[in-house]
Amino acid sequence: MQNWEELLSWTYSGVNFSLAGNGGPECVALVPGVQKIVETVFVVVLNSLQLWMVFPKLRLGKQLPMTTEEESGGEVGRRMFLLVMCLTFGVELGFKFASRQMIWVLNPCHIVTMIQIFLLAAPPSPFAAALFRLHVYWLGGATIALVFPVLNTRMLPFEVHIYFLQHILMLVIPLYLTRLGVYAVEPLWDFSWSTAASAIYFAYHFVPLQLIGVLLQVNLNSMLCPAISDPFYGRWYRVYAIIHQSLFVLLHGKLYTYLAHSVARQNTQDVVTTNGFSKNE
């Protein structure tokens, strides 16, 4: 056990448990073990049923083909966004290594950042298109991070600046890829992708994040104890979170989907104006 802790100590030994919301024994003990198990079983069973029901309904449809002009201009834009996002995330990882807090890389916003780096670097494919549609519903964390920033743990120079830049890029890049025509979001009335994304989102929180958090006593994305600003602070905060986050993931995702459709329509109008033809799905 001691060798195991020494092997992983570089990933979490720098976490300051004296700061509220970071973790520690009191944070782990806030929600009793039995309650953790009951909540986890409920979420996993519910998520499994959701995925089983919607998986046959997931359809990608036809992706918008790019013209030669868009391919040349879009490739430059993709490379620029890829460069900026890689530099930003690389600096963020450097901060995590320097402070011995790499464990925070498991938080959803960092996972979404890695997904976007993949989407920018990889050629379009059915897998990438499906991943794009799913990750649109995981962008709510970026909006929350910008509206309610948590900066009390960021002590290194420029760490706050990287925080804001990363989350702004997370919200801009999918719109750019949509406008470019590389990927397309589903119709607003299609709730299969939002249901699948929500199921994966909660399963990720209640299984790997919670398990690793309990083992290392690190409060990954508030899975062990609530943030100090949480209005539902208390042992039942996760039950309330299941309710309000289910609604938030859906509403935020659909609002972003509507915005992406608006961007795609504007792109179509631009093509009609410049080239004399439009794109059809």
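The values are calculated or read from the model by the stated rules, or taken from the named source; none is laboratory data. All values reported here derive from a predicted model rather than from experimental measurement. For neighbour counting, all protein chains shown are included, and Cβ atoms are generated from backbone atoms with ideal geometry for every residue, glycine included. Heads up: the accessible areas ignore ligands, DNA and RNA and are worked out on the full protein's heavy atoms, side chains in. Shrake-Rupley method; radii C 1.70, N 1.55, O 1.52, S 1.80 Å.
Values as computed for the structure displayed
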| read-out | value |
| --- | --- |
| Under 5 Å, built H, 5+ apart or other chain: amide partners of Gly23 | Asn219 |
| Where Met223, Met80 fall by accessible area, highest first, once all protein chains stay in place (1.4 Å) | Met80, Met223 |
| Heavy atoms of Tyr176: accessible area, 1.4 Å probe, square angstrom to 10 | 50 |
| Near-label residues of the range 228-264 by backbone N, under 12 Å of a point 7 Å along Cα→Cβ of Ile168 | none |
| Around Val105: net Lys/Arg minus Asp/Glu count, Cβ-Cβ under 12 Å | 0 |
| Accessible area (Å², 1.4 Å probe, nearest 10) - Ser99 | 30 |
| Cα gyration tensor category, rounded, prolate or oblate, for the range 66-178 with a/c compared to 1.5 | prolate |
| Centre separation in Å (Cα based) which lies between the range 98-166 and the range 28-58 | 24 |
| The chain, relative contact order [Cα under 8 Å, separation at least 6], % | 32 |
| Rounded accessible area of Arg154 (nearest 10 Å², 1.4 Å probe) | 40 |
| Per-residue ³J(HN,Hα) for the range 181-188, Karplus 6.51 cos²θ - 1.76 cosθ + 1.60, θ = phi - 60°, Hz, x for Gly and Pro | x, 5, 10, 9, 8, 6, x, 4 |
| Whole-Hz couplings from phi, Karplus 6.51/-1.76/1.60, listed for the range 83-96; x for Gly and Pro | 4, 5, 5, 5, 5, 4, 5, x, 5, 4, 5, x, 4, 5 |
| P(r), alpha carbons of the chain - 5 Å bins starting at zero, rounded % | 1, 5, 11, 15, 17, 15, 13, 10, 6, 3, 2, 1, 0, 0 |
| Three-way shape label, the range 82-127, alpha-carbon gyration tensor, a/c 1.5 | oblate |
| Charge sum, other residues only, whose C-beta stays under 13 Å from Phe81's C-beta, Lys/Arg counted +1 and Asp/Glu -1 | +2 |
| Cut-off 15 Å between beta-carbons: net charge of the residues surrounding Arg235, Lys and Arg +1, Asp and Glu -1 | -1 |
| Modelled FRET efficiency - R0 25 Å, Ala98 with Ala227, Cβ distances, 0.05 increments | 0.55 |
| Shape call, the range 155-253: gyration tensor on alpha carbons, a/c limit 1.5 | oblate |
| For the chain, Cys with no neighbouring Cys Cβ under 4.7 Å | Cys86, Cys109 |
| With Cα atoms, 0 to 90° folded angle of helix 159-180 axis to the chain main axis | 30 |
| Cleavage-rule hits (trypsin sites (Lys or Arg not before Pro)) in the range 20-63: DSSP loop, at most 12 neighbouring Cβ within 10 angstrom | Arg59, Lys62 |
